[in-house]
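Below: the structure, in structure tokens.
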Amino acid sequence: MNQDRAVLEGMNLQKRFQTGGEVRAVLDGVSIRLATGEWLAVLGPSGVGKTTLLHILAGLLPPDAGQVLWDQTDLYAMDETARDHQRAAQAGLVFQFHHLLPDLTVEENVRLALQLARRNHRDTDARKSVTDLLDRLHLRNLAGARIDKLSGGERQRVAVARALVHHPRFIFADEPTGNLDESAAGAVLDLLDTARRTEGVAILLSTHNPAAAARADRRLTLHAGKIM
């Protein structure tokens, strides 16, 4: 792991939300740095802003102030279309609520990430990548099943496969083991660990799971809008 070179930086990030007449500072000057092959866990109770932080760093939600740099490129200086293309090519996303396409099969949802990343999803290597991931996540027998027929834990594993299949530079994972039993959670964490060790993927993960947090190189706690 190259700790000297940051591939992802969030600098002095601020985000406020208004509910009724009250304005709440969810992020108040948060700075974060991630190196190639580094795994960083963000901890904190529900509602503290972990998801907001991940969405900002992933290019999904503009901050009110501050900068997000991917490889020294200012993500929010791009227009939205360019930012979407950059994210599709370089990032893998695992959301709490999956965001899979219910009318597509498991395999089709995973292949979709290759298409969005503008990779040839029909070539032999791509097919092997999909098959290998489904095998490792114990989903091979469900490859032809529609998403709306799966359990919550099965959908979560499909989301992890989709995030990894195009060999991204970054993984943003929001509670990726939240709906999984111990065995399935272990398989997911093993895959993430392999990706960062063998491919240098930088991982930013929010979690309440002590086993997931223990895998990280560093652990930060978000509290009252600040990193502790």
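The values are calculated or read from the model by the stated rules, or taken from the named source; none is laboratory data. The structure presented is a predicted model; accordingly, all values stated were derived computationally and were not measured. Here the Cβ is made from the backbone with ideal geometry for all residues, glycine too, and neighbour counts use every protein chain on show.
For region 161-183, residues that are surrounded by fewer than 24 Cβ atoms within 10 Å (Cβ to Cβ) and free of Cβ contacts under 8 Å to residues at least 40 places away in the same chain total 6. Take the conditions (1) modelled with pLDDT of 85 or more; (2) surrounded by 17 or more Cβ atoms within 10 Å (Cβ to Cβ); (3) not in a strand (DSSP E or B); residue 141 misses just one of them, which is (2). The number of residues in region 55-78 that are among the acidic types (Asp, Glu) and either within 18 Å of residue 28 (Cα to Cα) or modelled with pLDDT of 95 or more (or both) comes to 2.
For residue 131, are the conditions met, namely being surrounded by fewer than 21 Cβ atoms within 10 Å (Cβ to Cβ), hydroxyl-bearing (Ser, Thr, Tyr), outside any strand (DSSP E or B) and touching a helix residue (DSSP H, G or I) at 6+ places or on another chain (Cβ under 8 Å)? Here the answer is yes, as residue 131 does meet what is asked.
Residue selection: residue 26 fails the criterion of being closer than 27 Å to residue 164 by Cβ, surrounded by 13 or more Cβ atoms within 10 Å (Cβ to Cβ) and touching a helix residue (DSSP H, G or I) at 6+ places or on another chain (Cβ under 6 Å). If I filter region 184-192 for residues that are buried (at least 21 other Cβ atoms within 10 Å of the Cβ), small (Gly, Ala, Ser) and under 21 Å from residue 37 (Cβ atoms), do I get at least one hit? No. Give the number of residues within region 196-211 that are out of contact with any helix residue (DSSP H, G or I) (no Cβ under 6 Å at 6 or more places or on another chain), among the aliphatic types (A, V, I, L, M) and surrounded by 16 or more Cβ atoms within 10 Å (Cβ to Cβ). Adding up the residues that qualify gives 3. Selection within region 94-111: residues that are charged (D, E, K, R) and outside any loop (DSSP other than H, G, I, E, B). The member of this set that is surrounded by the most Cβ atoms within 10 Å (Cβ to Cβ) is 111.
Highlighted here would be strands (runs of 3 or more DSSP E) found entirely within region 1-83 that include at least 3 residues which are in contact (Cβ under 8 Å) with a residue 60 or more places away in the chain, of a type in the set (D, E, K, R) and more than 28 Å from residue 177 (Cβ to Cβ), but there are none.
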